[in-house]
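*Asks:* Supplied in structure tokens, the structure appears directly below.
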Amino acid sequence: MDIPRKILTVFGTRPEAIKLFPLVHALEADERFVSRVCVSGQHRGMLDQVLEIAGVTPHHDLDLMQPDQTLDRLTARLLTGIGEVLDTEKPDYVVVQGDTATAMCGALAAYYRKIPVAHVEAGLRSGNIHHPWPEEVNRKVIGSLAALHFAPTETAAEALRRENVDLAGVHVTGNTVIDALHWVTARIGERPELAADLAELEQRFVGRRIIGMTSHRRESFGDGMRNIADAVKRLAARDDVAVVFPVHLNPNVRKVMNDALAGLGNVALIEPLDYPHFARLLDISTLMLTDSGGVQEEAPALGKPVLVMRETTERPEGVEAGTAKLVGTDTGAIVRECNRLLDDKTAYAKMAQAHNPFGDGKATQRIVELLAC
Ligand code: UD1
Ligand code: UDP
């Protein structure tokens, strides 16, 4: 029998954990692999929420989160911390996902040791190194050194080809976020109590249409965040809507949102939801107002219109399909587009088409077979 291939999966934040737990499950169940997991702890509470629901116990936890840590300090600690784990584990492959500091440092530390890197969600490009910041550069760095690029869509694969990466390493797999969404939906189907804690809010806002909301982008800190908060305040003046906003734990988000929005009766500022409860929020929302990457992928799959509070998106597929719309961080534009969806049935119906450009729920399977080659 062949010697199993040792795969070290490295991640550190909530979205990476969501998009990688299906792969960790699959690698653990497959005797062609020895699966090891290193979490950086770049996020703490928001990472642990995912580890718990997915039943993933890391072999290494660097526990690196510090309150409001600078990018320099985070990056330096990630690079040395992950490097030490690589020296201990000596894996055949390092798997990273997306574009966070953890993903970039995981890939760089592997490259420094000549360990091949497999990049999940490869090839996303906005074409602007300041939007999203610093993610666009993180993903370009990973793209320049990875051996295997698992592009979620043909558009992403094409972006990699334009950068002259080795074509043999580029594979269109779909995005594992859809696999994760299917998994969590099935778990909720088996055990509805996993997503039952929103019942009180649902009761409080009965008769109102719910706007599900998230916001955390660094490039929006300052004026952008204040504009977003002003938009929510104006939307909350309507007596037929309620905004449910699980607030990211980044203090730069929390302070602005709490200062501006606490005390508004139909705005629920709540703690970050675990994944089943967030899936429930997607389900009960009329529309999503977000600057999140993952939410731009999940909402169209569920037929929920998404208004994207960013200047550009590296996920043009939703916009092209008409299920997502860029609204930037201008207060007037956000309010106008929300009101249009709330008041114009035809405009709403056009955007509320369930559409799945990001995957068919089988991305993990394809990635596993490619890692086994
Ligand atoms: C990070 C990623 C971003 C990703 C986002 C997902 C980088 C540079 N940024 O941004 O690409 O879209 O995660 O959410 O990699 N905090 C907590 N508890 C937590 C998580 C964060 O208290 O569980 C607070 C801490 O004060 C921490 C701060 O938030 O220092 C910022 O966290 P960090 O991971 O550096 O950046 P994010 O803005 O979360
Ligand atoms: N999410 C969650 N709880 C929340 C908010 C978001 O589980 O309270 C999930 C969401 O379903 C998506 C992911 O977290 O899969 C998105 O994470 P985030 O917006 O923090 O990061 P991004 O995708 O922008 O990198």
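The values are calculated or read from the model by the stated rules, or taken from the named source; none is laboratory data. This structure is a prediction, so every number in the text was calculated from the model and none was measured. Neighbour counts are summed over all protein chains in view; Cβ atoms, including those assigned to glycine, are modelled from backbone coordinates with ideal geometry.
*Asks:* Checking L273 against (1) within 15 Å of ligand 2 (Cβ to nearest atom); (2) farther than 23 Å from A299 by Cα, which single condition isn't satisfied?
*Replies:* So the condition that L273 fails would be (2).
*Asks:* Taking R139, is it crowded, with 19+ Cβ neighbours inside 10 Å and either within 23 Å of E369 (Cβ to Cβ) or within 16 Å of ligand 1 (Cβ to nearest atom) (or both)?
*Replies:* For R139, the condition - crowded, with 19+ Cβ neighbours inside 10 Å and either within 23 Å of E369 (Cβ to Cβ) or within 16 Å of ligand 1 (Cβ to nearest atom) (or both) - is met.
*Asks:* Taking V37, is it hydrophobic (A, V, I, L, M, F, W, C), more than 13 Å from ligand 1 (Cβ to nearest atom) and in a strand (DSSP E or B)?
*Replies:* yes
*Asks:* Which of (1) within 22 Å of F278 (Cβ to Cβ); (2) away from ligand 2 (no atom under 15 Å from the Cβ); (3) outside any strand (DSSP E or B) does E298 not meet, given it meets every other one?
*Replies:* Every listed condition holds for E298 apart from (2).
*Asks:* Could you check how many residues of the range 312-328 are out of contact with any Asp or Glu (no Cβ under 8 Å at 6 or more places or on another chain) and more than 16 Å from ligand 1 (Cβ to nearest atom)? Steps first, answer last, please.
*Replies:* Our first condition is that a residue be out of contact with any Asp or Glu (no Cβ under 8 Å at 6 or more places or on another chain); within the range 312-328, this holds for 312-313, 316-317, 319-324.
In the following step, the residues that additionally are more than 16 Å from ligand 1 (Cβ to nearest atom) were identified as 316-317, 319-324.
Of the residues in that region, 8 qualify.
*Asks:* Among the residues in the range 193-202, are any crowded, with 18+ Cβ neighbours inside 10 Å, away from ligand 1 (no atom under 16 Å from the Cβ) and not aliphatic (A, V, I, L, M)?
*Replies:* As a first pass, look at the range 193-202 and keep what is crowded, with 18+ Cβ neighbours inside 10 Å: 194-195, 198.
Now drop any that are not away from ligand 1 (no atom under 16 Å from the Cβ), which leaves 194-195, 198.
Filter again for not aliphatic (A, V, I, L, M), leaving none.
No, the conditions are met nowhere in the range 193-202.
*Asks:* Then there is this: Among the residues of the range 116-136, write down those that are part of a loop (DSSP other than H, G, I, E, B) and farther than 15 Å from G169 by Cβ.
*Replies:* Of the range 116-136, the ones part of a loop (DSSP other than H, G, I, E, B) are 116, 121-134.
Once the filter is applied, which keeps residues that are part of a loop (DSSP other than H, G, I, E, B) and farther than 15 Å from G169 by Cβ, the range 116-136 yields L124, R125, S126, G127, N128, I129, H130, H131, P132, W133, P134.
*Asks:* Take T323 and decide whether it is closer than 25 Å to K255 by Cα and among the β-branched types (V, I, T).
*Replies:* The answer is no for T323.
*Asks:* Another question, then. I need the full set of residues from the range 89-136 which are away from ligand 1 (no atom under 11 Å from the Cβ) and among the hydroxyl-bearing types (S, T, Y), in order please.
*Replies:* Y93, Y111, Y112, S126
*Asks:* Within the range 324-336, is even one residue under 15 Å from the mean Cα position of the chain (by Cα) and either surrounded by fewer than 23 Cβ atoms within 10 Å (Cβ to Cβ) or farther than 16 Å from V247 by Cα (or both)? Can you show your working first?
*Replies:* From the range 324-336, those under 15 Å from the mean Cα position of the chain (by Cα) are none; that's our starting set.
Looking for residues that are under 15 Å from the mean Cα position of the chain (by Cα) and either surrounded by fewer than 23 Cβ atoms within 10 Å (Cβ to Cβ) or farther than 16 Å from V247 by Cα (or both), one finds none in the range 324-336, hence no.
*Asks:* Do we have any residue at all in the range 84-95 that's over 23 Å from I3 (Cα atoms) and more than 20 Å from the chain's Cα centre (by Cα)?
*Replies:* Taking every residue of the range 84-95 in turn, at least one turns out to be over 23 Å from I3 (Cα atoms) and more than 20 Å from the chain's Cα centre (by Cα).
*Asks:* Related question: Within the range 76-87, is there a residue that is at pLDDT 95 or above, assigned to a loop (DSSP other than H, G, I, E, B) and either away from ligand 2 (no atom under 15 Å from the Cβ) or polar (S, T, N, Q) (or both)?
*Replies:* Among the residues of the range 76-87, not one is at pLDDT 95 or above, assigned to a loop (DSSP other than H, G, I, E, B) and either away from ligand 2 (no atom under 15 Å from the Cβ) or polar (S, T, N, Q) (or both), which makes the answer no.
*Asks:* Restricting to the range 212-246, count the residues that are part of a loop (DSSP other than H, G, I, E, B) and crowded, with 21+ Cβ neighbours inside 10 Å.
*Replies:* Residues meeting the conditions: 2.
*Asks:* Which one is farthest from ligand 2 (Cβ to nearest atom) among residues in the range 1-18 that are among the aliphatic types (A, V, I, L, M) and part of a loop (DSSP other than H, G, I, E, B)? Give the steps one after another, and end with the answer.
*Replies:* Keep residues of the range 1-18 that are among the aliphatic types (A, V, I, L, M), which gives 1, 3, 7-8, 10, 17-18.
Filter once more, so that each one left must be part of a loop (DSSP other than H, G, I, E, B): 1, 3.
Numbers: M1: 37, I3: 35 Å.
It comes out as M1.
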